[in-house]
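Working notes, beginning with the structure itself.
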Amino acid sequence: MFGQKGLELIKELNRTPDVLPPFNDDVIRQVLEEMNALFEQNRMDLDKEKDANYAGVHVRHASLERNRRCLLAYLYNRINKIRQMRWEFGSIIPPEIKYNMCEPEVQWFNNYNKILATYMRGIGNKHGLNLTLDRQPPKELYIEVRCLEDYGEYEMDNGDVVTLRKGNMYLLPRGPCEQLIRQGILQHITD
Amino acid sequence: METRFKHSYCPNYFSLEDILATQERVLCKVEKSVHGLGCLDQSTENEDLVVGTTLQLPFWLAFPLSQTRVRVVSVELPKIYKEAFREVLTADASIVDLSKLGRYFYEFGSHLTKLNHRDSSAINTMLMNAFKDRLRVLIDWAQNLCTDISKVQRLDTLEKELYLEGFKARKELIAWLSEGSSKMCASEMVVNHKKRKRAVVDI
């Protein structure tokens, strides 16, 4: 049956909606091979110009389009996920995830990073504005946080350096904390 | 914030759900012999598909073949969209176990209406009414944080996503009412990523 390999890719993505599965270049190659074979066969059939071949050409053409759709959807949905990661993990993604990306995807991520950074520098009356901060309206300047992992030294905007150790609590300015909270290094404590 | 719920399947070329829904198989009857593609029908060893053979084809293949100038196959409606089942759903849709009828009941059904079958409009109306009937129960579950797994398992994929989205919204509302919006938390992807990481370390 045609289109099975392409479907495999889609199923793989659908099974894991929250994580990025390893880039499956092996199956992609197989799909492309199938498409090449289908195309060649169609070309040969059309050259013969026999009416008996009419239905077969249709079958193969539909399979070609299906395969194309599966491949494009696979790539597109992965890119979407990678874009979402830029907003959730920040500009540096963990090496385990990066390992699952293929070379063009890493390049795409770096380019997206650059475009976003350029845009964020350009807005806010030329002072720049970090769009990933203040996703909720800030209510206080300092917040209480608990550190969840040994992060080491962290330098804040005003030049102060704090050493973040696992299990300790800190009272820190809200701005620099937000990124770390989103990355799961700090935990915001409210009572 | 991007939402996880990707609606509007039908015109969405890249939608995973739509690709999976069009993979559902339909019973087709061959009207014009297909040269050299006997392999599509696993029950014969013929080299060609001969006129009159019936076989199961995925919808994405059956649909274009039924729309060609000289029709290659004619598609028969699946049992669950035929009149007998339509009557069951019209009687009381909310108690039917849709997940048993097919994981993409609405999605696949709306694709079937494109076949220009004489029942197309009846299917359309039935799908809409069934959805309306069931939606009321669904909202009720989401609003009251129903966590009964057996109930949720009876939903079709579209309904399940709606339910989970409603459930999440309700929980967020409760959190907002009790502690306001100032609390910041780790993003969802990060949390999931950490969970996985820890599992790996444990092994």
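Checking A:C102 against (1) farther than 30 Å from B:V30 by Cβ; (2) at the interface with chain B (Cβ under 9 Å from one of its Cβ atoms); (3) in contact with a Phe, Trp or Tyr (Cβ under 6 Å, 6 or more places away or on another chain), which test does it fail? Every listed condition holds for A:C102 apart from (2).
Applying the criterion of being of a type in the set (D, E) and not in a helix (DSSP H, G or I) to the residues of the stretch B:142-177, the residue that is least open to solvent (accessible area, probe 1.4 Å) is B:D156.
Does the stretch A:1-12 contain at least one residue that is modelled with pLDDT of 90 or more, part of a helix (DSSP H, G or I) and over 24 Å from the mean Cα position of the chain (by Cα)? No, the stretch A:1-12 contains no residue that is modelled with pLDDT of 90 or more, part of a helix (DSSP H, G or I) and over 24 Å from the mean Cα position of the chain (by Cα).
Within the stretch A:55-78, being open to solvent by less than 40 Å² (accessible area, probe 1.4 Å) and closer than 30 Å to A:A117 by Cβ holds for A:A73, A:Y74, A:N77, A:R78.
Could you check, for the stretch A:24-43, whether at least one of its residues is open to solvent by 50 Å² or more (accessible area, probe 1.4 Å) and modelled with pLDDT under 90? There is at least one residue in the stretch A:24-43 that is open to solvent by 50 Å² or more (accessible area, probe 1.4 Å) and modelled with pLDDT under 90. Set side by side, the residues B:E17, B:E45 differ, and just one is open to solvent by 20 Å² or more (accessible area, probe 1.4 Å), of a type in the set (D, E, K, R) and assigned to a loop (DSSP other than H, G, I, E, B), which is B:E45. Picking from residues in the stretch A:101-124 that are touching a residue at least 40 places away in the same chain (Cβ under 8 Å) and surrounded by 17 or more Cβ atoms within 10 Å (Cβ to Cβ), the one that is farthest from A:L20 (Cα to Cα) is A:E105.
Would you mind telling me which numbered condition in (1) modelled with pLDDT of 90 or more; (2) within 7 Å of chain B (Cβ to nearest Cβ); (3) open to solvent by less than 70 Å² (accessible area, probe 1.4 Å) A:A52 fails? The number of the failed condition is (1). The set of residues from the stretch A:178-187 being more than 8 Å from chain B (Cβ to nearest Cβ) and either without any contact (Cβ under 8 Å) to a residue 40 or more places away in the chain or open to solvent by less than 10 Å² (accessible area, probe 1.4 Å) (or both) comprises A:L180, A:I185, A:L186. The residue list A:N125, A:N67 contains one member that is over 14 Å from the mean Cα position of the chain (by Cα) and under 28 Å from B:T22 (Cα atoms), which is A:N67. Counting only helices (runs of 4 or more DSSP H) that sit wholly inside the stretch B:53-128, those with at least 2 residues that are among the charged types (D, E, K, R) and away from chain A (no Cβ under 14 Å) are B:83-91. Taking the conditions (1) among the β-branched types (V, I, T); (2) assigned to a helix (DSSP H, G or I); (3) modelled with pLDDT under 85 in turn, B:V137 satisfies each one other than (3).
Cβ-Cβ below 6 Å, separation at least six or inter-chain, first residue in the stretch A:69-95 and more than 7 Å from chain B (Cβ to nearest Cβ) and farther than 23 Å from B:F14 by Cα, second modelled with pLDDT of 85 or more and part of a helix (DSSP H, G or I): which pairs? Pairs found: A:S91/A:N113; A:I93/A:M85. Which of the residues belonging to the stretch B:120-132 are surrounded by fewer than 17 Cβ atoms within 10 Å (Cβ to Cβ) and not hydroxyl-bearing (S, T, Y)? Result: B:A122, B:N124, B:M128, B:N129, B:K132. Of A:Y112, A:Y154, all but one fail to be of a type in the set (F, W, Y), outside any loop (DSSP other than H, G, I, E, B) and touching a strand residue (DSSP E or B) at 6+ places or on another chain (Cβ under 7 Å); the exception is A:Y154. Number of residues in the stretch A:136-175 that are within 25 Å of B:W176 (Cβ to Cβ), open to solvent by less than 30 Å² (accessible area, probe 1.4 Å) and free of Cβ contacts under 8 Å to residues at least 24 places away in the same chain: the value is 0. Restricting the stretch B:80-101 to residues that are over 28 Å from A:R69 (Cα atoms) and among the charged types (D, E, K, R) leaves a set whose member that is surrounded by the most Cβ atoms within 10 Å (Cβ to Cβ) is B:R86.
Screening A:H127 against (1) surrounded by 12 or more Cβ atoms within 10 Å (Cβ to Cβ); (2) assigned to a loop (DSSP other than H, G, I, E, B); (3) not assigned by TED's automatic domain parsing to the domain that holds A:I79 leaves a single unmet condition, (1). Of the residues making up the stretch A:83-100, just one is open to solvent by less than 30 Å² (accessible area, probe 1.4 Å), outside any helix (DSSP H, G or I) and among the hydrophobic types (A, V, I, L, M, F, W, C), namely A:I93.
The values are calculated or read from the model by the stated rules, or taken from the named source; none is laboratory data. Just so it is clear, the structure is predicted and the values come from calculations on it, not from any experiment. Cβ: placed from backbone, ideal geometry, glycine included. Neighbour counts: every protein chain shown. Surface accessibility is based on the protein's heavy atoms, side chains included, excluding ligands, DNA and RNA. Shrake-Rupley method; radii C 1.70, N 1.55, O 1.52, S 1.80 Å.
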